[in-house]
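What follows is a short report on a single structure.
FYI, it's all coordinate maths here, none of it is from the lab. This structure is a prediction, so every number in the text was calculated from the model and none was measured. Here the Cβ positions follow ideal geometry from the backbone for every residue, glycine too, while neighbour counts run over all protein chains shown.
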Amino acid sequence: MNDCIFCQIAAGTIPAAVVYTDDDFVAFLDIRPVSAGHLLLVPRLHAERLTDLPDAVLARELPLAARLARAILATTGATDFNLFNTNGAASGQEVFHHHLHVIPRMTGDGLKVTITPVAYGPGEAAELAGRIAARV
Ligand code: AMP
Ligand code: ZN
């Protein structure tokens, strides 16, 4: 897609700090990193969400994310990392071309992922699990 910034980075028509590239993927540093080494793993195929991608692409994506995470940790000295993915505006997606964030972390780095849990009523979890299971 011509107006997609990640398609343009993948095509090399706009610059990025690329750390990995192959026929199907490109990985580059996030331009607004939450920590040094924060990168984005992006399939070349334009698809808005994880759920829009073919299984063959997804099957390659996670091993690549792990490989990149090892390289980031070895390079930056970070001990830990987050793998993060947004799907849709309500989830915080800003670039509507699927990507995985790989974010190096260290104890005391001050980053906070705030999650406020909601509670299930009696029997609600089992009932919901059953309905989801029927559609998997
Ligand atoms: P998301 O909220 O999951 O859609 O994240 C999109 C990410 O893309 C953000 O963290 C941005 O900082 C990053 N981003 C946007 N434009 C660029 C760019 N030209 N080069 C590198 N990263 C970018
Ligand atoms: Zn795209």
Using modelled amide H (1.01 Å from N, peptide plane; none on Pro or chain starts), what sits under 5 Å from the amide H of VAL26, excluding residues fewer than 5 places away?
VAL42, ARG44
Need the C-alpha centroid separation for the stretch 97-129 versus the stretch 2-37, integer Å.
26 Å
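Per-residue ellipticity at 222 nm for the chain, helices alone: DSSP H runs ≥ 4 residues times -39500 (n - 2.57), over residue total, nearest 500 deg cm²/dmol? Please list the in-between numbers first.
On the way: 3 runs with 39 residues, N = 136.
Calculated mean residue ellipticity at 222 nm is -9000 deg cm²/dmol.
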The chain: angle of helix 55-76 to the longest principal axis, Cα-based, in degrees nearest 10:
70 degrees
Would you tally the net charge around ALA69, using a Cβ to Cβ cut-off of less than 11 Å, leaving ALA69 out, and scoring K and R as +1, D and E as -1?
+2
Can you tally the net charge around ASP80? Count Lys and Arg as +1, Asp and Glu as -1, for every other residue whose Cβ sits under 11 Å from the Cβ of ASP80.
0
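Between ILE115 and THR51, take the C-beta separation as r, use R0 = 30 Å, and let me know the FRET efficiency to the nearest 0.05.
0.90
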Shape call for the stretch 1-54 from the C-alpha gyration tensor, a ≥ b ≥ c root eigenvalues: rounded (a/c under 1.5), prolate (a/b greater than b/c) or oblate?
prolate
Table column - 3J(HN,Hα) (Hz), the stretch 36-41, Karplus curve with 6.51, -1.76, 1.60, x for Gly and Pro:
5, x, 3, 10, 10, 9
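Can you tell me the FRET efficiency between ALA66 and ILE132 if r is taken as the Cβ-Cβ distance and R0 is 30 Å, rounded to the nearest 0.05?
On the way: r = 27 Å, r/R0 = 0.90.
That gives a FRET efficiency of 0.65.
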If a paramagnetic tag sat 7 Å from the Cα of LEU29 along the Cα-Cβ line, which residues of the stretch 44-81 would have the backbone N under 18 Å from that point?
68-79
